[in-house]
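Every number in this text was worked out from the coordinates using simple rules, so none of it is lab data. Note that the structure is a prediction, hence the values are computed from the model and not measured. Glycine gets a Cβ as well: all are built from the backbone with ideal geometry, and neighbour counts include every protein chain shown.
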Amino acid sequence: MALFHVRMDVDIPRDLDPAVRAETVATEKEYSQDLQRQGKWVHLWRIVGQFSNISIFDVDSPDELHEILWNLPLFPYMTIEVMPLTQHGSSIK
């Protein structure tokens, strides 16, 4: 398994049809919760005051993470920063 720190900043256009927005956000929630139940989306933290989050993914490969991110319903409206993680030499866990 490989761990990744992912920052997602969302910028939905203000003129997007409200029904499309609501459906997209609902589908995003369902998709992300399914990935959390599978153990792939390990942590999901909101950044206070922003439409942004910091997440930790535990996936088999960078390719799997790429597919997960590209399939996010809000992906077209996101700026995403990915940082691969590895064990720190001073960590006791």
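Structure values in brief
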{"read-out": "Under the Karplus curve 6.51 cos²θ - 1.76 cosθ + 1.60, θ = phi - 60°, whole-Hz ³J(HN,Hα) for the range 13-22, x wherever Gly or Pro sits", "value": "x, 5, 8, 5, 3, x, 5, 5, 4, 4"}
{"read-out": "Förster radius 35 Å - calculated FRET efficiency between M83 and V25, Cβ distance, rounded to 0.05", "value": "0.85"}
{"read-out": "Long-range HN-HN contacts of H43 with modeled amide H, under 5 Å", "value": "I56"}
{"read-out": "Label assignment, percent of Cα pairs over 16 Å apart derived from the structure, set [x] 58; [y] 44; [z] 49", "value": "[x]"}
{"read-out": "Under the Karplus curve 6.51 cos²θ - 1.76 cosθ + 1.60, θ = phi - 60°, whole-Hz ³J(HN,Hα) for the range 31-39, x wherever Gly or Pro sits", "value": "4, 5, 5, 5, 5, 5, 4, 6, x"}
{"read-out": "Stretchable slack from I54 to W70, in nm (0.36 nm times residue separation minus alpha-carbon distance)", "value": "4.1 nm"}
{"read-out": "HN-Hα J in Hz across the range 50-57 - Karplus 6.51, -1.76, 1.60, θ = phi - 60°, x for Gly and Pro", "value": "9, 8, 9, 9, 10, 10, 10, 10"}
{"read-out": "Theoretical ellipticity at 222 nm over the chain - DSSP helices of four or more residues, -39500 (n - 2.57) apiece, nearest 500", "value": "-10500 deg cm²/dmol"}
{"read-out": "Charge dipole magnitude, Cβ of K and R +1, D and E -1 - the chain, Cα centre, debye nearest 20", "value": "440 debye"}
